[in-house]
Every structure is written in structure tokens, then in C-alpha cells.
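S.K.: Right, I'll just put the structure down here and ask away after.
A short reminder: the numbers here are calculations on the coordinates, not readings from a lab. What you see is a predicted model; the values in this text were computed from it and never measured. For neighbour counting, all protein chains shown are included, and Cβ atoms are generated from backbone atoms with ideal geometry for every residue, glycine included.
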Amino acid sequence: MSSARSTPDAAGPPAPAVRLDGVSKSYGEVRALDDVSLTVRQGEFFGVLGPNGAGKSTLVEIMVGMRRPDAGTVSVLGGSPWPRDTALLRRIGVQTQSSAFFTRLTAGEHLATVAALYGLDRAAAGRALEQVDLADRARTRVDDLSGGQRQRLALATALIHRPDLIFLDEPTAALDPQARRSLWEVLRSLRGEGRTIVCTTHHLDEAEALCDRVAIVARGALLALDSPGSLVRSLAAPARLLVPADRLSVAQAEGLDGVDRVTVEGGEVVIETRAANRVLVAVGELVGIETVQTRTATLEDAYLRLTGSEQHG
Ligand SMILES: Nc1ncnc2c1ncn2[C@@H]1O[C@H](COP(=O)(O)OP(=O)(O)O)[C@@H](O)[C@H]1O
Ligand SMILES: [Mg+2]
């Protein structure tokens, strides 16, 4: 691990990994980012969640110095990513949505070439392949890798120089569920090594499973920034209890204290409540606790409420 982490000042907390203040960016008429301020803490898995066109890629591109904001300031590991600073670039790893490969090479040769560009020895290539669980594909041509394997190779490319701070732009896009899960494991292990990760996604389950904190963006604006759990709780969305309709009547359910709403869906009586524990006990007494299924609010509820359902697509 690099010793060049941003030094905390004597008393205060460690300097943030990334700090954005009032960042805006337009492409002609399109306002891709609108006055975004946020801080990414060192060592956290930071998610940027939003629908297509929300401004996620623009945000990452500004953080890594690929784009210059129209307004606002950006600080990355204590430095400025614009104009490009090669010392800073050596400390960050970047996987964009259009990662370029040396497609005629094998995976191992591709990484050896990247290693050479960084002035690293060949062992770095082998180590990066191991890290993303791709060592058995070292001799496979990049062209012949599956989608999931390519994504992992892109990740290895972003990791090869052991950066403290890693930016990933939709690393699991277009992967099948199994490949996504296996990439999650790789990402979790990176997080476990104490690296800071900034990762965009439009998958809610991914944000919920991986992120310490999530920034929700839509139409270029930062709508919320908190842990997935806090985002869900701040909604105060009701929990749902499901009981087979032949075991409990709507009237019985409506008669219970703490019940907000009762509907019937797919042969189940669905009880919405903000007093889930109390209602669960009461329903359990009526029908037996093992008959009751519970559905708590998810990040999806929070997200849909914040972004508005018209944002889908
Ligand atoms: N190079 C560009 N030129 C013009 N418009 C762009 C460009 N890149 C992105 N945009 C527009 O900016 C908005 C945000 O895009 P982007 O940052 O790619 O969002 P996301 O990554 O969340 O899908 C979209 O409306 C997109 O069409
Ligand atoms: Mg994007």
C-alpha cells in the first residue's frame, strides 16, 4: 500500500479521498451536473446510483481528470485532477464504461503491456490477474473472453499499479447474475484491503449489497447521500406483512392496532404498517407466526421515491 496517503492534519479527521464543491457541467444545452457537492471518505465503498443519463459518468470523469467542470472545485487525494497530474494518476485506478483493451493479445500479455506502461515488472500482471480471479485465463486472447471475464480484466487493468483510490463506472453492466455476483466478491475483497472505491451503478441491489454510502443522482442533481440503511429508514416506508388470504380476512387485518393499509395481492392479504413488530406479534397470535411473511422497505423504495418513477429506462 502506498505511503503517500493524504496526511491527516495533526488533530482532525483524515483528509477525504474526494471532495467536490459546487461542481457543474453542461454539454451544450444539456446540464449533466448541477451544483454537486460531496465528499468521499478514505476507505469507503462509495456508490453513485442513478438512472441512465443522470450524470454518473460525467461525475466520475470529472473526478479522475478526464473532464473539466464548468464551475466548482474538485480535490482528489488532496490534489487537483485537472490539469492532469501524473503523480496523482499513479495513485488512482480508473475503469471507464469504454475500457480499451489490446484485443489481439492474451489477457496476460495485455496486462504485461499495461504494467510496462506504468514501469512495473511482469509480476504485477500476474498479481492483478490473481486478484480478479482470472489467472486461469492468462493465455486466452482478450477477444475470446466472456463479458464477465472482460469486465474483470478491465478491473485488473485499473488495479495493476495498486492504487489507493479506484473509480469504477458501471463495472457490472451487461453481466449475467452469476458474473455480477462473482465480480461483487472481487470488489468486496478490494474494500477489505482498505482501498477507497467509487463505483457507479444503476442496480439498486448492487448499491445495497456493496456500498457504505450511496449518492443518488438524477438529472445532474445530487438528491441524497447516506448509507443504504439510513436512506431506507429516512423514508419511513411501511413494512409489509403477507398472510395467505384463506388464513386471515381483510376485516380481521384492518381491525389490528398499528395497521396502515390492507390489500389483497396474489392470494395474500398484504398488511402495510409502520409498527411492524407490534403488528407481527398480533398477526402471529391469529394465524401462527410461521404463516407470516415479512417484506421490509428496500433501497428501491427510497430510490423510486427520490428519482420519480418517470426516470426509468
Ligand atoms: N460528450 C457528451 N456530449 C453531449 N452530451 C453528453 C455527453 N456525455 C454525456 N452527455 C449527456 O449528459 C447527460 C449525462 O450523461 P452521463 O454522465 O453519461 O450519465 P450516466 O452516466 O448517468 O448515464 C446525458 O443527458 C447525456 O446524454
Ligand atoms: Mg454512464
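S.K.: In degrees between 0 and 90, to the nearest 10, how far off the longest principal axis of the chain does helix 276-287 point, with axes built from Cα atoms?
M.R.: Taking the Cα atoms of the chain, the angle to 276-287 is about 50 degrees.
S.K.: Provide the packing ranking of 85-94, 139-148, 47-56, 203-212, i.e. peptides ordered by the mean count of other C-beta atoms within 10 Å per residue, highest first.
M.R.: Order by mean packing, descending: 47-56, 203-212, 85-94, 139-148.
S.K.: I'd like the orientation of helix 147-159 relative to the chain: the angle between its Cα long axis and the longest Cα principal axis, in ° from 0 to 90, rounded to 10.
M.R.: Its long axis makes an angle of about 60 degrees.
S.K.: Compute the distance from the alpha-carbon center of segment 238-307 to that of segment 163-188, in whole Å.
M.R.: With segment 238-307 and segment 163-188 each reduced to a Cα centre, they are spaced 35 Å.
S.K.: If you count the DSSP beta bridges with both ends in segment 18-233, what percent of them are antiparallel, to the nearest 5?
M.R.: Restricted to segment 18-233, the bridges split so that about 50 percent are antiparallel.
S.K.: For every other residue with a beta carbon closer than 9 angstrom to the beta carbon of T58, add +1 if it is Lys or Arg and -1 if Asp or Glu, then tell me the sum.
M.R.: With Lys, Arg at +1 and Asp, Glu at -1, the neighbours total +2.
S.K.: Write down the percent of antiparallel bridges among all DSSP beta bridges whose residues are both part of segment 112-225, to the nearest 5.
M.R.: 45
S.K.: Can you pull the three principal axis extents for the Cα set of the chain, in Å, largest first?
M.R.: Principal-axis extents of the chain (Cα, largest first): 72, 45, 45 Å.
S.K.: I've got another one for you. To the nearest 10 degrees, how steep is helix 107-117 against the longest Cα principal axis of the chain, on a 0 to 90 scale?
M.R.: Relative to the chain, helix 107-117 is tipped by roughly 60 degrees.
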